Amino acid sequence: MALTTAERRRELQELIAALDRRVPYIERAGEATIARDAGMLRSQAMKRLAELEDASQSVTVAAQDA
């Protein structure tokens with residue numbers, strides 16, 4: 001089942017919030033790698049969220065011009 005743009009935005013926002021809540025446990029083996037991967041995932045989610053919002057604004061402007 002395909003997600004709507006609004007659903008994608010909501011899921012990305014939830015993912016970003018979950019990553020922001022995560023507390024790294026540096027004493028655990030592999031935690032540095034997990035924290036780095038989480039940071040990269042957060043960056044990718046933020047980028048995709050911005051792309052969706054830009055596309056949404058473009059559609060709104062185009063609809064207003066029509």
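The values are calculated or read from the model by the stated rules, or taken from the named source; none is laboratory data. These numbers come from a predicted model, not from an experiment. Because the Cβ atoms are built from the backbone with ideal geometry, glycine has one as well, and the counts that use them run over all protein chains shown.
Details
- Scanning segment 4-35 for residues that are part of a helix (DSSP H, G or I) and among the small types (Gly, Ala, Ser) yields 6, 17, 18, 32, 35.
Okay, residues lined up against (1) surrounded by fewer than 10 Cβ atoms within 10 Å (Cβ to Cβ); (2) among the aliphatic types (A, V, I, L, M); (3) at pLDDT below 90; (4) in contact with a strand residue (DSSP E or B) (Cβ under 9 Å, 6 or more places away or on another chain):
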position: 20; (1), (2), (3), (4): yes, no, no, no
position: 34; (1), (2), (3), (4): no, yes, no, no
position: 38; (1), (2), (3), (4): no, yes, no, no
position: 41; (1), (2), (3), (4): no, yes, no, no
position: 62; (1), (2), (3), (4): yes, yes, yes, no
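- Residue that is nearest to residue 52 (Cα to Cα) [pool: residues in segment 1-38 that are β-branched (Val, Ile, Thr) and in contact (Cβ under 8 Å) with a residue 12 or more places away in the chain]: 5
- Answer residue from segment 1-18, given it is in contact with a helix residue (DSSP H, G or I) (Cβ under 8 Å, 6 or more places away or on another chain) and farther than 14 Å from residue 47 by Cα and is modelled with the lowest pLDDT among those: 3
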